[in-house]
1. Which one of 133, 188, 58 has the biggest mean-square fluctuation once the chain is modelled by GNM with Cα springs under 10 Å?
2. Would you list, by chain and number, the lysines whose Cα falls below 27 Å from the Cα of residue 70, excluding same-chain residues fewer than 8 positions away?
3. Hey, got the dipole for the chain? About the Cα centre, +1 on K and R Cβ, -1 on D and E Cβ, debye to the nearest 20?
4. Taking a cut-off of 18 Å between Cα atoms, list the lysines near residue 121, but don't count ones fewer than 8 places away on the same chain.
5. If you take every DSSP beta bridge fully contained in the range 126-236, what fraction is antiparallel? Give it as a percent rounded to 5.
6. About its Cα centre, how strong a charge dipole does the range 13-74 have in debye, to the nearest 20, once Lys and Arg get +1 and Asp and Glu get -1 at the Cβ?
7. Taking the alpha-carbon set of the range 77-230, what are its Rg and Dmax in Å?
8. Once you've got the GNM for the chain with C-alpha springs shorter than 10 Å, pick whichever of 50, 151, 169 has the biggest mean-square fluctuation.
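The values are calculated or read from the model by the stated rules, or taken from the named source; none is laboratory data. Note that the structure is a prediction, hence the values are computed from the model and not measured. Neighbour counts run over all protein chains shown; Cβ positions are idealised from the backbone, glycine included. Each accessible area value is taken on the protein alone, full model and side chains, heavy atoms only, with ligands, DNA and RNA left out. Shrake-Rupley method; radii C 1.70, N 1.55, O 1.52, S 1.80 Å.
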Amino acid sequence: MFARSAQRFSDGDRLDVGGWSVRLKVDGRARRISLRVDRAKSEIVALSPSPRRLNEAVAFAQEKAGWIAKQLAALPERMSLAPGGVLRLNDVPYRLEVGPGRAKIDGDRIVAPDDANWGLKVIRLAKREALTVLSERTAVHAAALGRPTPSVAIADPKARWGSCRPATSRTPAAIRYSWRLILAPAAVADYVAAHECAHLIEANHGPRFWALCEQLVGDPAPHRAWLRAHAAELHAIGA
């Protein structure tokens, strides 16, 4: 008789580990097998440096079943936007309602047409607001540092609130932010804008970098603590 060959796994496969879903992911930048909490999708990701080691990632996830259960149980429930709810943008609460036309802010309401994409349209509106607010704050902080205003873009990264590419002799400076910062207190979003603008001068997190942050927004510690404490809540909001 021939021995049964080991089960083969592929990038993107899902496992059931103690009743919880774990997604396999091949990441060529990874140096070892590891587990990561994807708060944006409320799931655990088992990372492998190569397809050949996916079986090891599966075994590692099964060994850590208790840790996986604890991490996922601690995540907030997904909050799907729906008419009748409230969404806070840049410190202002808005009632969510159905109405004709393009999704828009109307006084103290956010109104979007009644169709299957209602929640997505509200999120697109929130992204537009995020781009407007963060572009304005970026311009203010860049000017305070004596730097040209970089280009600003909005994305939905899972692990960071912003990223900065300082200017070079060949390329202008550019900053990308998580659109979810518009859901945070205005002072916290402003800190992230200051943080990324400080990278226009200091492309590190050394003492001179933190001195620039403090020059722009004061002590960054409370804002950093707020983001650590509420990151999962912001990532739980979706359509």
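1. The residue with the greatest mean-square fluctuation here is 58.
2. 25, 41, 158
3. Working: 36 positive and 24 negative charges, 183 e Å.
About 880 debye.
4. Those lysines meeting the cut-off are 104.
5. Values: 4 of 9 bridges.
Counting only bridges with both partners in the range 126-236, antiparallel ones make up about 45 percent.
6. Details: 13 positive and 7 negative charges, 57 e Å.
It comes to approximately 280 debye.
7. Cα radius of gyration and Dmax of the range 77-230 are 16.9, 52 Å respectively.
8. 169
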